[in-house]
Amino acid sequence: MELMENGESKKFKKAQKRVEELKAFYGHLAVYLFINTFITLSKVVVNMNNGETLGESLWDFGTFAVWFFWGIGLMFHALKVFSFNPLFGRNWEKKQIKKYMEEDEKEAKKYR
């Protein structure tokens, strides 16, 4: 009975950790949207006061630089939180474990 409770406790802690990671990501996303919207609006207003048109203000690289570079960081955060790793995903891990176990088995059979 104690083992089952211990297993349930581990599952609970794992689920709790996952929820915390999701909360952190959604907080990051909210801050990203709020701050970048504020920066963009401020930059557009300042540029328009300096004589630029709305189109010129919007299509300035400086207007989108923060969105772009911070967005790269946000993308990596999302990839981590949502467990998306095309290079070293779960299938890759399972294949590698199976491969090494088979190699060890072959090596052990040589000496029997």
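Between I39, I97, I72, the residue with the greatest mean-square fluctuation in the GNM of the chain (Cα pairs under 10 Å linked by springs) is I97. Helix 2-49 versus the longest principal axis of the chain: what angle, 0 to 90°, nearest 10, using Cα atoms? Between helix and principal axis, roughly 20 degrees. In the calculated pair-distance distribution of segment 3-70, the portion above 14 angstrom amounts to 69 percent of the Cα-Cα pairs. On the basis of the beta-carbon distance and an R0 of 35 Å, F68 and Y26 show a calculated FRET efficiency of 0.95. Note: segment 31-92, Cα convex hull, 80 Å³ per residue. Could you tell me which residue out of F84, F12, Y32 lies farthest along the dipole of the chain toward its positive end? Charges go on the beta carbon: Lys and Arg +1, Asp and Glu -1, centred on the Cα centre. Positive-end residue among those listed: F12. The lysines whose alpha-carbon is closer than 22 Å to the alpha-carbon of K110, local same-chain residues fewer than 8 away aside, are K98, K99. In the assembled protein chains, S83 presents an accessible area of approximately 90 Å² (probe radius 1.4 Å).
Taking Cα atoms, how many degrees apart are the long axis of helix 61-81 and the longest axis of the chain, rounded to 10 and kept between 0 and 90? Between helix and principal axis, roughly 20 degrees. The angle between the Cα long axis of helix 90-110 and the longest principal axis of the Cα atoms of the chain comes to about 30 degrees, rounded to the nearest 10.
A crude spin-label estimate for the pair D60 and V81, with each label 7 Å from Cα along the Cβ direction, gives 3.1 nm. Listed cross-link partners K23/K80; K14/K106; K11/K106; K14/K80 are compared with a 25 Å cut-off, the Cα-Cα value being larger for K14/K106; K11/K106.
The values are calculated or read from the model by the stated rules, or taken from the named source; none is laboratory data. This is a predicted model, so every value here is computed, not measured. Positions of Cβ are generated from backbone atoms using ideal geometry, with glycine treated the same way; all protein chains shown enter the neighbour counts. These area figures cover heavy atoms from the full protein model, side chains too; ligands, DNA and RNA do not enter into them. Shrake-Rupley method; radii C 1.70, N 1.55, O 1.52, S 1.80 Å.
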